[in-house]
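Take a look at the structure below.
The values are calculated or read from the model by the stated rules, or taken from the named source; none is laboratory data. Only a predicted model underlies this, so the values are computations on that prediction, with no experimental measurement involved. All Cβ positions, even for glycine, are placed from backbone atoms using ideal geometry, and neighbour counts span all protein chains on display.
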Amino acid sequence: MQEARIAHIINEVKAGNFRNFEEIIDAHKSMIFHLCFKMVSTAEDAEEIAQETFIKAFKSLPNFKGKSKFSTWLYQICYFTCISYLRKNKNQLSVERNVPEGVAEEPKESEVEKKEREQLIQQALNLLNPVDRAILSLYYLDEMDLNEVANITKLSKSNVKVRLHRARTKLKAAFEQFNVYEAF
Amino acid sequence: MEEKEIKKYLNSGNKANISSNFSFKVMKEIEHIQSEKERQANLNKKALRLFNRALIYTASLSLILFLFIFLVPDGIIQSTWFNNLLEKTLYLPLATCLISLVLLDRYIQIRKRLKKG
């Protein structure tokens, strides 16, 4: 979605035509959901946080001055909503993240193998902390540059760089631990 | 680990899709927030009108009482009970003045809230 179109919708929403906000939701829901999912690891929670993100964005839309890209601003809200959610549900999530070791009892089809491989990768990813997962996701999947990632996470550029390096090293070790390379 | 490799692994993690009625659910919630906001704004407008009226009445009353006490010469009003009342209750105009000041303050606060939305 183009920034000019977004600016137009924001102005309309500010003027009271809030129904146009749906267009913004449709354009950004997927990317927001995936960042949430990478951070909290369960689809239900990710959807709940994504919903909260859009509501927060709607409420603070009058404060959006357009200094950064709208998507960056939205990512920022999403990132901090995830962080506060993780803080609130710290104990609960650590139990949920313990993915069962035996993935399928009757491995017959390639579908099961694929699922098993996904589980292994997820197990390895879960060893990283949520902030590192978010940084990896923003940098590699959303292809943002270091400045943008730093802007979203409110960390310094050098800190993001260091975290990225550490996350890569940790990920490599985790993949070796869970034999992810063999699964591919 | 190479960049391509990381992308491949990150993409192959657990997959999940957002529910198809996600936008609808969010819009429903936003609609609720918006209607609550409008209800609040209407209440504020009503309160503003009420305070406005009360302010005018008390301020006028206070002004009239002050006029009677300080400007109207003694004995011009024949009613003794009224003169007695004014003499005995000098605090009355001060009290009404104070009330009107409090109302004015509330009035300004509600106006500010309405402006903020």
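Some observations on this one:
- Residue list for the range A:149-181, restricted to those being touching a Lys or Arg at 6+ places or on another chain (Cβ under 8 Å) and over 15 Å from B:Lys7 (Cβ atoms): A:Ala150, A:Leu155
- Residues (surrounded by fewer than 19 Cβ atoms within 10 Å (Cβ to Cβ), farther than 23 Å from B:Ser35 by Cα and within 13 Å of chain B (Cβ to nearest Cβ)) located in the range A:29-78: A:Ser30, A:Met31, A:Thr42, A:Ala43, A:Glu44
- Scanning the range B:1-59 for residues being under 30 Å from A:Arg117 (Cβ atoms), at pLDDT 80 or above and either away from chain A (no Cβ under 14 Å) or part of a helix (DSSP H, G or I) (or both) gives a total of 1.
- Residues in the range A:119-161 that are more than 14 Å from chain B (Cβ to nearest Cβ) and of a type in the set (S, T, N, Q): A:Asn129, A:Asn147, A:Asn151, A:Thr153, A:Ser156, A:Ser158, A:Asn159.
- Selection from the range A:7-49 of residues that are free of Cβ contacts under 8 Å to residues at least 60 places away in the same chain, within 20 Å of A:Gln122 (Cα to Cα) and not charged (D, E, K, R): A:Ser30, A:Ile32, A:Phe33, A:Cys36, A:Phe37, A:Thr42, A:Ala43, A:Ala46, A:Ile49
- Residues that are at pLDDT 70 or above and among the acidic types (Asp, Glu), drawn from the range B:60-112: B:Asp105
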